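K.L.:
If you scroll down you'll find the structure; I have some questions about it.
The values are calculated or read from the model by the stated rules, or taken from the named source; none is laboratory data. Just so it is clear, the structure is predicted and the values come from calculations on it, not from any experiment. For neighbour counting, all protein chains shown are included, and Cβ atoms are generated from backbone atoms with ideal geometry for every residue, glycine included.
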Number of protein chains: 2
Amino acid sequence: MSLEQSFKSPIAADVPGDTRTRLIEAAGEVFAEAGFNQATIRDICARAGANIAAVNYHFRDKETLYGETVAHAHRYSMEQYPMDGGVATTAPVEHRIEGFIRSFLAKILDPNRPTWHGRIMSREMQEPTLSLDMIVETGVRPNFHYLCSLIREMGPHLNPVEVEGSGASVIGQILHYFHCRRVIGRLYRDRTDGFPYDLELLTGHITAFSLAAIRGLEQAAKARASSQGGRR
Amino acid sequence: MSLEQSFKSPIAADVPGDTRTRLIEAAGEVFAEAGFNQATIRDICARAGANIAAVNYHFRDKETLYGETVAHAHRYSMEQYPMDGGVATTAPVEHRIEGFIRSFLAKILDPNRPTWHGRIMSREMQEPTLSLDMIVETGVRPNFHYLCSLIREMGPHLNPVEVEGSGASVIGQILHYFHCRRVIGRLYRDRTDGFPYDLELLTGHITAFSLAAIRGLEQAAKARASSQGGRR
(Lines give C-alpha, C1' and ligand atoms only; values in the text may rest on other atoms or scores of the structure.)
Protein backbone atom coordinates (compact mmCIF):
# COMPACT_ATOMS: atom_id res chain seq x y z
CA MET A 1 0.00 0.00 0.00
CA SER A 2 1.45 3.40 -0.97
CA LEU A 3 1.77 6.24 1.53
CA GLU A 4 -0.83 8.13 -0.44
CA GLN A 5 -3.37 5.26 -0.13
CA SER A 6 -2.68 4.69 3.53
CA PHE A 7 -3.96 8.17 4.33
CA LYS A 8 -7.21 7.97 2.46
CA SER A 9 -8.56 6.79 5.80
CA PRO A 10 -9.21 9.67 8.22
CA ILE A 11 -7.86 7.58 11.12
CA ALA A 12 -4.35 6.87 9.84
CA ALA A 13 -1.96 5.95 12.63
CA ASP A 14 0.68 8.57 13.44
CA VAL A 15 4.31 7.65 12.75
CA PRO A 16 6.70 8.49 15.63
CA GLY A 17 7.79 12.05 16.38
CA ASP A 18 6.01 15.25 17.26
CA THR A 19 3.11 15.63 14.82
CA ARG A 20 3.24 19.42 14.66
CA THR A 21 6.95 19.37 13.78
CA ARG A 22 6.50 16.62 11.21
CA LEU A 23 3.68 18.57 9.60
CA ILE A 24 5.87 21.68 9.38
CA GLU A 25 8.79 19.77 7.83
CA ALA A 26 6.49 18.02 5.35
CA ALA A 27 4.63 21.26 4.55
CA GLY A 28 7.95 23.03 3.98
CA GLU A 29 8.99 20.45 1.41
CA VAL A 30 5.64 20.42 -0.37
CA PHE A 31 5.22 24.22 -0.40
CA ALA A 32 8.82 24.64 -1.62
CA GLU A 33 8.30 22.19 -4.48
CA ALA A 34 4.78 23.04 -5.57
CA GLY A 35 4.17 26.58 -4.34
CA PHE A 36 1.31 27.63 -2.09
CA ASN A 37 -1.47 27.30 -4.68
CA GLN A 38 -0.51 23.89 -6.05
CA ALA A 39 0.35 22.35 -2.68
CA THR A 40 -2.37 20.18 -1.14
CA ILE A 41 -3.01 19.38 2.50
CA ARG A 42 -3.45 15.79 1.40
CA ASP A 43 0.12 15.60 0.01
CA ILE A 44 1.45 17.24 3.15
CA CYS A 45 -0.37 14.78 5.42
CA ALA A 46 0.83 11.83 3.36
CA ARG A 47 4.41 13.00 3.63
CA ALA A 48 4.11 13.75 7.36
CA GLY A 49 2.37 10.49 8.17
CA ALA A 50 -0.45 12.45 9.80
CA ASN A 51 -4.14 12.76 9.14
CA ILE A 52 -6.04 15.82 7.99
CA ALA A 53 -7.62 16.33 11.40
CA ALA A 54 -4.11 16.98 12.76
CA VAL A 55 -3.68 19.92 10.36
CA ASN A 56 -7.01 21.34 11.47
CA TYR A 57 -6.09 20.84 15.11
CA HIS A 58 -2.59 22.33 14.97
CA PHE A 59 -2.96 24.95 12.23
CA ARG A 60 -6.66 25.49 11.41
CA ASP A 61 -6.10 25.99 7.66
CA LYS A 62 -3.59 25.94 4.78
CA GLU A 63 -2.82 29.68 5.07
CA THR A 64 -1.86 29.35 8.75
CA LEU A 65 0.16 26.19 8.09
CA TYR A 66 2.04 28.04 5.34
CA GLY A 67 2.72 31.05 7.57
CA GLU A 68 3.99 28.80 10.39
CA THR A 69 6.22 26.93 7.96
CA VAL A 70 7.87 30.11 6.72
CA ALA A 71 8.17 31.37 10.31
CA HIS A 72 9.86 28.09 11.31
CA ALA A 73 12.51 28.39 8.56
CA HIS A 74 12.99 32.05 9.43
CA ARG A 75 13.45 31.37 13.18
CA TYR A 76 15.90 28.57 12.44
CA SER A 77 17.99 30.89 10.30
CA MET A 78 17.95 33.70 12.90
CA GLU A 79 19.01 31.31 15.68
CA GLN A 80 21.62 29.29 13.83
CA TYR A 81 23.32 32.20 12.10
CA PRO A 82 23.26 35.25 14.40
CA MET A 83 24.06 38.42 12.51
CA ASP A 84 27.13 39.28 14.62
CA GLY A 85 28.68 35.93 13.66
CA GLY A 86 29.75 35.52 17.28
CA VAL A 87 32.27 38.39 17.02
CA ALA A 88 32.50 40.52 20.20
CA THR A 89 31.06 44.05 20.09
CA THR A 90 34.46 45.25 21.32
CA ALA A 91 36.29 43.83 18.27
CA PRO A 92 37.48 46.25 15.53
CA VAL A 93 34.64 47.15 13.15
CA GLU A 94 36.40 45.36 10.25
CA HIS A 95 36.20 42.10 12.22
CA ARG A 96 32.54 42.68 12.97
CA ILE A 97 31.82 43.20 9.26
CA GLU A 98 33.73 40.00 8.51
CA GLY A 99 31.66 38.19 11.18
CA PHE A 100 28.43 39.40 9.55
CA ILE A 101 29.59 38.21 6.12
CA ARG A 102 30.82 34.81 7.38
CA SER A 103 27.58 34.10 9.26
CA PHE A 104 25.38 35.03 6.28
CA LEU A 105 27.52 32.94 3.90
CA ALA A 106 27.47 30.01 6.35
CA LYS A 107 23.68 29.99 6.18
CA ILE A 108 23.72 29.88 2.39
CA LEU A 109 26.43 27.22 2.13
CA ASP A 110 25.35 25.05 5.10
CA PRO A 111 24.80 21.51 3.79
CA ASN A 112 22.79 20.62 6.92
CA ARG A 113 20.16 23.30 6.40
CA PRO A 114 17.08 21.63 4.88
CA THR A 115 16.96 22.67 1.22
CA TRP A 116 13.29 23.64 1.52
CA HIS A 117 14.28 26.54 3.78
CA GLY A 118 16.14 28.32 0.99
CA ARG A 119 13.58 27.37 -1.64
CA ILE A 120 10.57 28.59 0.31
CA MET A 121 12.34 31.89 1.09
CA SER A 122 13.24 32.22 -2.55
CA ARG A 123 9.61 31.63 -3.61
CA GLU A 124 8.47 34.14 -1.01
CA MET A 125 10.84 36.69 -2.55
CA GLN A 126 9.52 36.15 -6.06
CA GLU A 127 5.81 35.91 -5.22
CA PRO A 128 5.34 37.33 -1.76
CA THR A 129 2.55 36.58 0.71
CA LEU A 130 2.01 38.30 4.04
CA SER A 131 4.89 36.19 5.34
CA LEU A 132 7.40 38.36 3.50
CA ASP A 133 6.37 41.35 5.62
CA MET A 134 7.07 39.30 8.75
CA ILE A 135 10.47 38.22 7.40
CA VAL A 136 11.39 41.79 6.49
CA GLU A 137 10.29 43.32 9.80
CA THR A 138 11.74 40.70 12.14
CA GLY A 139 14.79 39.64 10.11
CA VAL A 140 15.87 41.62 7.08
CA ARG A 141 15.35 45.10 8.54
CA PRO A 142 17.19 44.61 11.87
CA ASN A 143 20.03 42.74 10.07
CA PHE A 144 20.30 45.50 7.51
CA HIS A 145 20.30 48.23 10.16
CA TYR A 146 23.04 46.39 12.03
CA LEU A 147 25.18 46.13 8.88
CA CYS A 148 24.59 49.82 8.07
CA SER A 149 25.64 50.82 11.60
CA LEU A 150 28.97 49.01 11.04
CA ILE A 151 29.43 50.73 7.67
CA ARG A 152 28.67 54.11 9.26
CA GLU A 153 31.26 53.39 11.94
CA MET A 154 33.88 52.69 9.24
CA GLY A 155 32.77 55.59 7.10
CA PRO A 156 31.50 58.45 9.27
CA HIS A 157 31.53 60.88 6.32
CA LEU A 158 29.34 58.72 4.05
CA ASN A 159 25.89 60.05 3.18
CA PRO A 160 22.76 57.88 3.67
CA VAL A 161 22.68 56.68 0.04
CA GLU A 162 26.33 55.63 0.33
CA VAL A 163 25.71 53.80 3.62
CA GLU A 164 22.56 51.98 2.51
CA GLY A 165 23.91 51.42 -0.98
CA SER A 166 27.02 49.83 0.55
CA GLY A 167 24.84 47.67 2.79
CA ALA A 168 22.99 46.44 -0.29
CA SER A 169 26.33 45.91 -2.07
CA VAL A 170 27.60 43.66 0.74
CA ILE A 171 24.37 41.65 0.90
CA GLY A 172 24.08 41.40 -2.89
CA GLN A 173 27.56 39.91 -3.11
CA ILE A 174 26.68 37.26 -0.52
CA LEU A 175 23.24 36.34 -1.85
CA HIS A 176 24.62 36.03 -5.37
CA TYR A 177 26.06 32.65 -4.32
CA PHE A 178 22.55 31.53 -3.42
CA HIS A 179 20.40 33.05 -6.17
CA CYS A 180 22.85 32.26 -8.97
CA ARG A 181 24.25 28.95 -7.64
CA ARG A 182 23.02 27.02 -10.68
CA VAL A 183 24.72 29.45 -13.05
CA ILE A 184 27.88 29.60 -10.94
CA GLY A 185 28.05 25.80 -10.86
CA ARG A 186 28.05 25.79 -14.68
CA LEU A 187 30.46 28.72 -14.97
CA TYR A 188 33.08 27.10 -12.73
CA ARG A 189 32.48 23.52 -13.80
CA ASP A 190 36.22 22.84 -14.13
CA ARG A 191 37.51 24.65 -11.03
CA THR A 192 39.40 22.51 -8.55
CA ASP A 193 40.66 25.13 -6.07
CA GLY A 194 37.52 25.27 -3.92
CA PHE A 195 36.33 28.53 -5.46
CA PRO A 196 33.57 29.55 -5.46
CA TYR A 197 32.10 27.38 -2.67
CA ASP A 198 34.67 27.42 0.09
CA LEU A 199 33.30 29.36 3.08
CA GLU A 200 36.63 30.86 4.18
CA LEU A 201 37.75 31.73 0.66
CA LEU A 202 34.44 33.48 -0.07
CA THR A 203 34.35 35.22 3.32
CA GLY A 204 37.89 36.44 2.68
CA HIS A 205 37.11 37.74 -0.80
CA ILE A 206 33.81 39.46 -0.02
CA THR A 207 35.27 41.01 3.14
CA ALA A 208 38.39 42.30 1.35
CA PHE A 209 36.33 43.66 -1.58
CA SER A 210 33.81 45.36 0.73
CA LEU A 211 36.31 46.84 3.18
CA ALA A 212 38.40 48.25 0.33
CA ALA A 213 35.25 49.74 -1.20
CA ILE A 214 34.05 51.33 2.05
CA ARG A 215 37.53 52.72 2.77
CA GLY A 216 37.71 54.21 -0.73
CA LEU A 217 34.23 55.75 -0.49
CA GLU A 218 35.01 57.17 2.96
CA GLN A 219 38.26 58.70 1.70
CA ALA A 220 36.39 60.44 -1.13
CA ALA A 221 33.58 61.55 1.21
CA LYS A 222 36.10 62.99 3.68
CA ALA A 223 37.87 64.89 0.89
CA ARG A 224 34.47 66.18 -0.29
CA ALA A 225 33.58 67.30 3.25
CA SER A 226 36.84 69.14 3.85
CA SER A 227 36.77 70.87 0.43
CA GLN A 228 33.20 72.02 1.18
CA GLY A 229 34.34 73.16 4.63
CA GLY A 230 37.25 75.02 3.04
CA ARG A 231 34.92 76.86 0.66
CA ARG A 232 32.71 78.19 3.44
CA MET B 1 -17.96 32.93 -24.55
CA SER B 2 -14.70 32.84 -22.61
CA LEU B 3 -11.31 32.68 -24.33
CA GLU B 4 -10.87 29.22 -22.88
CA GLN B 5 -14.16 28.01 -24.44
CA SER B 6 -13.51 29.60 -27.78
CA PHE B 7 -10.48 27.37 -28.27
CA LYS B 8 -12.14 24.10 -27.47
CA SER B 9 -12.69 23.97 -31.22
CA PRO B 10 -9.60 22.80 -33.11
CA ILE B 11 -10.28 25.31 -35.91
CA ALA B 12 -10.17 28.55 -33.94
CA ALA B 13 -9.57 31.54 -36.20
CA ASP B 14 -6.20 33.23 -35.82
CA VAL B 15 -6.16 36.77 -34.44
CA PRO B 16 -3.94 39.21 -36.36
CA GLY B 17 -0.14 39.19 -36.04
CA ASP B 18 2.56 36.64 -36.71
CA THR B 19 1.40 33.35 -35.14
CA ARG B 20 4.87 32.16 -34.19
CA THR B 21 5.63 35.41 -32.34
CA ARG B 22 2.26 35.42 -30.61
CA LEU B 23 2.81 31.83 -29.50
CA ILE B 24 6.21 32.73 -28.05
CA GLU B 25 4.86 35.73 -26.16
CA ALA B 26 1.92 33.73 -24.82
CA ALA B 27 4.12 30.76 -23.94
CA GLY B 28 6.53 33.08 -22.12
CA GLU B 29 3.73 34.40 -19.93
CA VAL B 30 2.26 30.97 -19.21
CA PHE B 31 5.61 29.29 -18.54
CA ALA B 32 6.67 32.19 -16.30
CA GLU B 33 3.46 31.97 -14.26
CA ALA B 34 2.95 28.24 -14.05
CA GLY B 35 6.38 26.70 -14.67
CA PHE B 36 7.18 24.18 -17.38
CA ASN B 37 5.35 21.22 -15.81
CA GLN B 38 2.11 23.00 -14.93
CA ALA B 39 1.88 25.01 -18.16
CA THR B 40 -0.45 23.57 -20.80
CA ILE B 41 -0.32 23.98 -24.57
CA ARG B 42 -4.05 24.60 -24.37
CA ASP B 43 -3.61 27.65 -22.11
CA ILE B 44 -0.85 28.94 -24.35
CA CYS B 45 -2.99 28.57 -27.48
CA ALA B 46 -5.93 30.27 -25.80
CA ARG B 47 -3.77 33.22 -24.82
CA ALA B 48 -2.12 33.44 -28.25
CA GLY B 49 -5.39 33.12 -30.14
CA ALA B 50 -3.92 30.20 -32.08
CA ASN B 51 -4.86 26.57 -32.44
CA ILE B 52 -2.93 23.54 -31.28
CA ALA B 53 -1.97 22.61 -34.83
CA ALA B 54 0.00 25.87 -34.99
CA VAL B 55 2.16 24.76 -32.03
CA ASN B 56 2.85 21.44 -33.72
CA TYR B 57 3.64 23.19 -36.98
CA HIS B 58 5.97 25.87 -35.55
CA PHE B 59 7.51 24.07 -32.57
CA ARG B 60 6.73 20.35 -32.74
CA ASP B 61 6.30 19.92 -28.94
CA LYS B 62 6.16 21.66 -25.55
CA GLU B 63 9.90 21.14 -24.87
CA THR B 64 10.89 22.87 -28.10
CA LEU B 65 8.40 25.68 -27.55
CA TYR B 66 9.84 26.23 -24.07
CA GLY B 67 13.42 26.25 -25.37
CA GLU B 68 12.51 28.76 -28.10
CA THR B 69 10.74 30.96 -25.57
CA VAL B 70 13.78 31.13 -23.30
CA ALA B 71 16.02 31.69 -26.33
CA HIS B 72 13.78 34.56 -27.45
CA ALA B 73 14.02 36.34 -24.07
CA HIS B 74 17.76 35.71 -24.00
CA ARG B 75 18.33 37.11 -27.53
CA TYR B 76 16.24 40.18 -26.70
CA SER B 77 18.35 40.87 -23.63
CA MET B 78 21.65 40.38 -25.52
CA GLU B 79 20.55 42.73 -28.32
CA GLN B 80 18.91 45.45 -26.24
CA TYR B 81 21.59 45.67 -23.55
CA PRO B 82 25.01 45.04 -25.11
CA MET B 83 27.62 44.30 -22.45
CA ASP B 84 29.86 47.23 -23.39
CA GLY B 85 26.95 49.62 -22.72
CA GLY B 86 27.90 51.49 -25.92
CA VAL B 87 31.16 52.76 -24.37
CA ALA B 88 34.08 52.88 -26.85
CA THR B 89 36.87 50.31 -26.43
CA THR B 90 39.29 53.28 -26.37
CA ALA B 91 37.64 54.82 -23.29
CA PRO B 92 39.41 54.53 -19.89
CA VAL B 93 38.77 51.14 -18.27
CA GLU B 94 36.80 52.77 -15.43
CA HIS B 95 34.29 54.11 -17.99
CA ARG B 96 34.02 50.71 -19.61
CA ILE B 97 33.25 49.12 -16.24
CA GLU B 98 30.64 51.81 -15.64
CA GLY B 99 29.15 51.07 -19.10
CA PHE B 100 28.89 47.37 -18.24
CA ILE B 101 27.14 48.15 -14.94
CA ARG B 102 24.73 50.69 -16.48
CA SER B 103 23.71 48.34 -19.29
CA PHE B 104 23.10 45.41 -16.93
CA LEU B 105 21.10 47.59 -14.53
CA ALA B 106 19.11 49.06 -17.42
CA LYS B 107 17.96 45.55 -18.34
CA ILE B 108 16.80 44.86 -14.80
CA LEU B 109 15.05 48.21 -14.34
CA ASP B 110 13.62 48.56 -17.87
CA PRO B 111 9.83 49.02 -17.50
CA ASN B 112 9.34 48.10 -21.17
CA ARG B 113 10.92 44.67 -20.88
CA PRO B 114 8.09 42.12 -20.68
CA THR B 115 7.98 40.90 -17.07
CA TRP B 116 7.91 37.26 -18.19
CA HIS B 117 11.49 37.63 -19.45
CA GLY B 118 12.84 38.16 -15.95
CA ARG B 119 10.51 35.60 -14.39
CA ILE B 120 11.34 32.82 -16.83
CA MET B 121 15.08 33.47 -16.40
CA SER B 122 14.61 33.43 -12.65
CA ARG B 123 12.74 30.09 -12.82
CA GLU B 124 15.46 28.72 -15.07
CA MET B 125 18.03 29.70 -12.44
CA GLN B 126 16.16 27.96 -9.63
CA GLU B 127 15.13 24.82 -11.52
CA PRO B 128 17.29 24.59 -14.61
CA THR B 129 16.51 22.82 -17.86
CA LEU B 130 18.89 22.38 -20.79
CA SER B 131 18.14 26.02 -21.62
CA LEU B 132 20.30 27.21 -18.76
CA ASP B 133 23.36 25.67 -20.42
CA MET B 134 22.57 27.63 -23.58
CA ILE B 135 22.14 30.86 -21.57
CA VAL B 136 25.42 30.30 -19.73
CA GLU B 137 27.45 29.43 -22.82
CA THR B 138 26.11 32.13 -25.14
CA GLY B 139 25.44 34.88 -22.59
CA VAL B 140 26.69 34.59 -19.05
CA ARG B 141 30.15 33.21 -19.84
CA PRO B 142 31.16 35.74 -22.55
CA ASN B 143 29.75 38.61 -20.45
CA PHE B 144 31.61 37.41 -17.39
CA HIS B 145 34.88 37.01 -19.33
CA TYR B 146 34.48 40.53 -20.68
CA LEU B 147 33.96 41.94 -17.17
CA CYS B 148 36.94 39.97 -15.83
CA SER B 149 39.14 41.30 -18.63
CA LEU B 150 38.27 44.85 -17.53
CA ILE B 151 39.02 44.01 -13.90
CA ARG B 152 42.36 42.47 -14.90
CA GLU B 153 43.18 45.64 -16.82
CA MET B 154 42.51 47.75 -13.71
CA GLY B 155 44.26 45.28 -11.42
CA PRO B 156 47.15 43.59 -13.24
CA HIS B 157 48.53 42.18 -9.95
CA LEU B 158 45.29 40.46 -8.90
CA ASN B 159 45.31 36.66 -8.79
CA PRO B 160 42.58 34.63 -10.58
CA VAL B 161 40.41 34.23 -7.45
CA GLU B 162 40.56 38.00 -6.89
CA VAL B 163 39.65 38.72 -10.52
CA GLU B 164 36.78 36.24 -10.76
CA GLY B 165 35.64 36.96 -7.21
CA SER B 166 35.50 40.66 -8.09
CA GLY B 167 33.54 39.87 -11.25
CA ALA B 168 31.02 37.97 -9.14
CA SER B 169 30.96 40.85 -6.64
CA VAL B 170 30.05 43.35 -9.36
CA ILE B 171 27.35 41.11 -10.83
CA GLY B 172 25.97 40.16 -7.42
CA GLN B 173 25.51 43.83 -6.52
CA ILE B 174 23.57 44.44 -9.74
CA LEU B 175 21.38 41.33 -9.66
CA HIS B 176 20.49 42.01 -6.02
CA TYR B 177 18.09 44.69 -7.29
CA PHE B 178 16.34 42.04 -9.36
CA HIS B 179 16.35 38.98 -7.08
CA CYS B 180 15.51 40.94 -3.92
CA ARG B 181 13.27 43.63 -5.45
CA ARG B 182 10.28 42.55 -3.33
CA VAL B 183 12.30 42.79 -0.13
CA ILE B 184 13.92 46.07 -1.19
CA GLY B 185 10.52 47.54 -1.99
CA ARG B 186 9.43 46.78 1.58
CA LEU B 187 12.70 47.93 3.14
CA TYR B 188 12.58 51.34 1.46
CA ARG B 189 8.82 51.81 1.55
CA ASP B 190 9.17 55.38 2.77
CA ARG B 191 12.06 56.58 0.59
CA THR B 192 11.32 59.56 -1.62
CA ASP B 193 14.77 60.33 -3.05
CA GLY B 194 14.64 57.82 -5.93
CA PHE B 195 16.86 55.31 -4.15
CA PRO B 196 17.02 52.43 -4.73
CA TYR B 197 15.44 52.38 -8.20
CA ASP B 198 16.97 55.28 -10.05
CA LEU B 199 19.22 53.97 -12.84
CA GLU B 200 21.84 56.73 -12.63
CA LEU B 201 21.96 56.73 -8.83
CA LEU B 202 22.42 52.95 -8.74
CA THR B 203 24.95 52.95 -11.58
CA GLY B 204 26.88 55.66 -9.73
CA HIS B 205 26.87 53.80 -6.42
CA ILE B 206 27.74 50.33 -7.74
CA THR B 207 30.46 51.78 -9.97
CA ALA B 208 32.00 53.84 -7.14
CA PHE B 209 31.85 50.89 -4.71
CA SER B 210 33.35 48.46 -7.23
CA LEU B 211 36.11 50.75 -8.54
CA ALA B 212 37.18 51.61 -4.97
CA ALA B 213 37.23 47.88 -4.14
CA ILE B 214 39.27 46.89 -7.21
CA ARG B 215 41.72 49.76 -6.60
CA GLY B 216 42.16 48.70 -2.97
CA LEU B 217 42.65 45.03 -3.87
CA GLU B 218 45.15 45.96 -6.59
CA GLN B 219 47.11 48.15 -4.18
CA ALA B 220 47.37 45.27 -1.70
CA ALA B 221 48.27 42.79 -4.47
CA LYS B 222 50.97 45.09 -5.76
CA ALA B 223 52.46 45.51 -2.27
CA ARG B 224 52.33 41.71 -1.86
CA ALA B 225 54.10 41.21 -5.21
CA SER B 226 56.89 43.69 -4.47
CA SER B 227 57.47 42.34 -0.94
CA GLN B 228 57.72 38.82 -2.41
CA GLY B 229 60.05 40.14 -5.11
CA GLY B 230 62.20 41.81 -2.44
CA ARG B 231 62.50 38.52 -0.51
CA ARG B 232 63.86 36.60 -3.49
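K.L.:
Which of the residues spanning segment B:165-179 are over 18 Å from B:Leu201 (Cα atoms) and at the interface with another protein chain (Cβ under 7 Å from one of its Cβ atoms)?
P.N.:
Applying the first criterion (over 18 Å from B:Leu201 (Cα atoms)) to segment B:165-179 yields B:165-169, B:179.
Selection gives B:Gly165, B:Ser166, B:Ala168, B:Ser169, B:His179.
K.L.:
Please find, within segment B:180-192, the residue that is modelled with the lowest pLDDT out of those that are more than 7 Å from chain A (Cβ to nearest Cβ) and either at positive phi or not in a helix (DSSP H, G or I) (or both). Step through it out loud before you land on a result.
P.N.:
Going through segment B:180-192, the residues more than 7 Å from chain A (Cβ to nearest Cβ) turn out to be B:181, B:184-185, B:188-192.
Keeping just the survivors that are either at positive phi or not in a helix (DSSP H, G or I) (or both) gives B:188-192.
On the way: B:Tyr188: 85, B:Arg189: 81, B:Asp190: 78, B:Arg191: 76, B:Thr192: 70.
Here the answer is B:Thr192.
K.L.:
Then there is this: Quick one: in segment B:37-81, of everything that is part of a helix (DSSP H, G or I) and among the small types (Gly, Ala, Ser), which residue is farthest from the chain's Cα centre (by Cα)?
P.N.:
So the first thing to find is which residues in segment B:37-81 are part of a helix (DSSP H, G or I), and the list is B:37-38, B:41-48, B:52-59, B:62-80.
Subsequent filtering for residues that are among the small types (Gly, Ala, Ser) retains B:46, B:48, B:53-54, B:67, B:71, B:73, B:77.
On the way: B:Ala46: 28, B:Ala48: 25, B:Ala53: 32, B:Ala54: 29, B:Gly67: 16, B:Ala71: 12, B:Ala73: 9, B:Ser77: 7 Å.
Among them, the one singled out is B:Ala53.
K.L.:
With respect to B:Gly49, determine if the residue is on the phi < 0 side of the Ramachandran plot and either of a type in the set (Gly, Ala, Ser) or without any contact (Cβ under 8 Å) to a residue 24 or more places away in the chain (or both). Spell out the reasoning first.
P.N.:
Details: on the phi < 0 side of the Ramachandran plot: no; either of a type in the set (Gly, Ala, Ser) or without any contact (Cβ under 8 Å) to a residue 24 or more places away in the chain (or both): yes.
Answer is no for this residue.
K.L.:
What helices (runs of 4 or more DSSP H), lying completely within segment B:82-158, carry at least 1 residues that are in contact (Cβ under 8 Å) with a residue 24 or more places away in the chain and aromatic (Phe, Trp, Tyr)?
P.N.:
Details: elements: B:93-109, B:115-126, B:130-135, B:141-154.
The qualifying helices (runs of 4 or more DSSP H) are B:93-109, B:115-126, B:141-154.
K.L.:
Taking the stated definitions as given, is A:Ala220 over 21 Å from A:Phe100 (Cβ atoms) and within 8 Å of chain B (Cβ to nearest Cβ)? Lay out the reasoning, then the answer.
P.N.:
On the way: over 21 Å from A:Phe100 (Cβ atoms): yes; within 8 Å of chain B (Cβ to nearest Cβ): yes.
Yes: the conditions hold for A:Ala220.
K.L.:
I'm trying to understand the selection: among the residues of segment B:63-81, which are free of Cβ contacts under 8 Å to residues at least 40 places away in the same chain and either surrounded by 15 or more Cβ atoms within 10 Å (Cβ to Cβ) or touching a strand residue (DSSP E or B) at 6+ places or on another chain (Cβ under 9 Å) (or both)? Show your work before the answer.
P.N.:
Start the filter on segment B:63-81 by keeping residues that are free of Cβ contacts under 8 Å to residues at least 40 places away in the same chain, which leaves B:63-64, B:75, B:79-81.
Passing the criteria: only B:Tyr81.
K.L.:
Further question on the same structure: Could you pull out the residue among B:Arg60, B:Arg22 that is basic (Lys, Arg), buried (at least 19 other Cβ atoms within 10 Å of the Cβ) and within 22 Å of B:Glu124 (Cα to Cα)?
P.N.:
On the way: B:Arg60 fails: buried (at least 19 other Cβ atoms within 10 Å of the Cβ).
That would be B:Arg22, the only listed residue that is basic (Lys, Arg), buried (at least 19 other Cβ atoms within 10 Å of the Cβ) and within 22 Å of B:Glu124 (Cα to Cα).
K.L.:
Please state which one of B:Leu109, B:Leu132 is closer than 25 Å to B:Phe178 by Cβ, buried (at least 19 other Cβ atoms within 10 Å of the Cβ) and assigned by TED's automatic domain parsing to the domain that holds B:Leu175. If you could, list the steps in order and put the result at the bottom.
P.N.:
Values: B:Leu109 fails: buried (at least 19 other Cβ atoms within 10 Å of the Cβ).
Result: B:Leu132 is the single residue among B:Leu109, B:Leu132 that is closer than 25 Å to B:Phe178 by Cβ, buried (at least 19 other Cβ atoms within 10 Å of the Cβ) and assigned by TED's automatic domain parsing to the domain that holds B:Leu175.
K.L.:
Here's another thing I want to ask about it. Could you pull out the residue among B:Ser226, B:Ser210 that is surrounded by fewer than 15 Cβ atoms within 10 Å (Cβ to Cβ) and among the polar types (S, T, N, Q)?
P.N.:
Going through B:Ser226, B:Ser210 in turn, just one is surrounded by fewer than 15 Cβ atoms within 10 Å (Cβ to Cβ) and among the polar types (S, T, N, Q): B:Ser226.
K.L.:
Going by the structure shown, is B:Leu211 at pLDDT 95 or above and within 8 Å of another protein chain (Cβ to nearest Cβ)?
P.N.:
Values: at pLDDT 95 or above: yes; within 8 Å of another protein chain (Cβ to nearest Cβ): yes.
The answer is yes for B:Leu211.
K.L.:
Additional query: Condition first: closer than 11 Å to B:Phe178 by Cβ and more than 14 Å from chain A (Cβ to nearest Cβ). Now tell me which residues in segment B:87-106 satisfy that.
P.N.:
Our first condition is that a residue be closer than 11 Å to B:Phe178 by Cβ; within segment B:87-106, this holds for B:104-105.
Passing the criteria: none in range.
K.L.:
Continuing with the same structure: Which pairs turn up if I take residues in segment A:211-224 that are over 18 Å from A:Leu150 (Cβ atoms) and look for partners that are crowded, with 17+ Cβ neighbours inside 10 Å and among the acidic types (Asp, Glu) with beta carbon separation below 6 Å, at least 6 apart in sequence or on another chain?
P.N.:
Within 6 Å, no pair qualifies.
K.L.:
Name every residue in segment A:180-222 that is among the aliphatic types (A, V, I, L, M) and farther than 21 Å from B:Ile206 by Cβ, in order of residue number. Walk me through how you get there before you give the answer.
P.N.:
Within segment A:180-222, the first condition is being among the aliphatic types (A, V, I, L, M), and the residues that meet it are A:183-184, A:187, A:199, A:201-202, A:206, A:208, A:211-214, A:217, A:220-221.
Residues satisfying the conditions are A:Leu199, A:Leu201.
K.L.:
Residue by residue through segment A:145-164, note down the ones that are at the interface with another protein chain (Cβ under 8 Å from one of its Cβ atoms) and either in contact with a Lys or Arg (Cβ under 8 Å, 6 or more places away or on another chain) or surrounded by fewer than 19 Cβ atoms within 10 Å (Cβ to Cβ) (or both). Can you show your working first?
P.N.:
Kept after step one, since they are at the interface with another protein chain (Cβ under 8 Å from one of its Cβ atoms), are these residues of segment A:145-164: A:161-162, A:164.
Within segment A:145-164, just A:Val161 meets the criteria.
K.L.:
Continuing with the same structure: Keeping to segment A:163-190, report how many residues are in contact (Cβ under 8 Å) with a residue 40 or more places away in the chain, touching a His at 6+ places or on another chain (Cβ under 7 Å) and not hydrophobic (A, V, I, L, M, F, W, C). Don't jump to the end; show me each part of the working.
P.N.:
Taking segment A:163-190 as the starting set, the residues that turn out to be in contact (Cβ under 8 Å) with a residue 40 or more places away in the chain are A:166, A:169-171, A:174-175, A:177-179.
With the extra rule that they be touching a His at 6+ places or on another chain (Cβ under 7 Å), the set shrinks to A:171, A:175, A:179.
With not hydrophobic (A, V, I, L, M, F, W, C) added as a condition, the list becomes A:179.
Number of matching residues: 1.
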